[in-house]
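Values in this text are rule-based calculations from the coordinates and carry no lab data. All values reported here derive from a predicted model rather than from experimental measurement. A quick note on method: Cβ atoms are made from the backbone with ideal geometry, for glycine too, and the neighbour counts reach across all protein chains shown.
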Amino acid sequence: MTGKEESIPDELLPVDIAVMRQMFHNNSALVCKFALKFIEVANSTLAEMKQAQAEKDLPALGRLGHKLKSSAKTIGAAGFAELCEALEKAGCDNDWNEAEVLLIKIPLLLDRITRQFQKEFGEIS
């Protein structure tokens with residue numbers, strides 16, 4: 001292990017990058033492109049979530065959680081997908097308290113995903 005690598009076990013990383021590598025037949029350029037696209041879409045959706053939260057629009061939050069859930073599963077971000085699914089359920093169940101808790105956790109985990117991708121693929125703009 002080199003000095004610049006962190007000693008974080010793979011199972012503690014928020015994304016199983018092997019999922020994307022398998023999907024794109026180890027094409028590193030496609031894996032990187034898809035990872036960057038996920039971050040872009042997730043950040044955009046997060047901004048929509050903040051707007052829906054400000055407007056107290058729980059059904060919109062549920063729809064936005066649903067929107068990100070599939071993308072997260074596709075890239076191997078199972079924990080992130082679970083949070084998005086929980087937000088979707090909170091929207092259906094009219095559970096504002098749960099939604100508020102999730103709206104704290106989701107951006108924090110997205111930040112961890114972004115940092116993981118930065119280490120894996122280089123700087124993300």
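Things to note:
- Correct option for P(r) over Cα pairs in 5 Å bins from 0, in percent [calculated from the coordinates] among (i) 2, 10, 17, 20, 18, 11, 10, 7, 5, 1; (ii) 2, 11, 22, 21, 17, 12, 8, 5, 1, 0; (iii) 2, 10, 19, 17, 12, 10, 9, 7, 6, 4, 3, 1, 0, 0: (ii)
- For the stretch 20-27, 3J(HN,Hα) per residue [Karplus equation, 6.51 cos²θ - 1.76 cosθ + 1.60, θ = phi - 60°, Hz, x = Gly/Pro]: 5, 4, 5, 4, 9, 6, 6, 7
- Across the options HIS66, VAL31, ALA90, the greatest Cα extent toward the positive end of the charge dipole of the stretch 14-121 (unit charges at beta carbon of Lys, Arg, Asp, Glu) belongs to VAL31.
- Selected from ALA47, ALA77, ALA86 as most flexible by GNM, with the chain as the system and alpha-carbon contacts under 10 Å: ALA47
- Exposed GluC sites (Glu not before Pro) absent: longest stretch of the chain, with sites in DSSP loops and at most 14 other Cβ within 10 Å deemed exposed: 56-122
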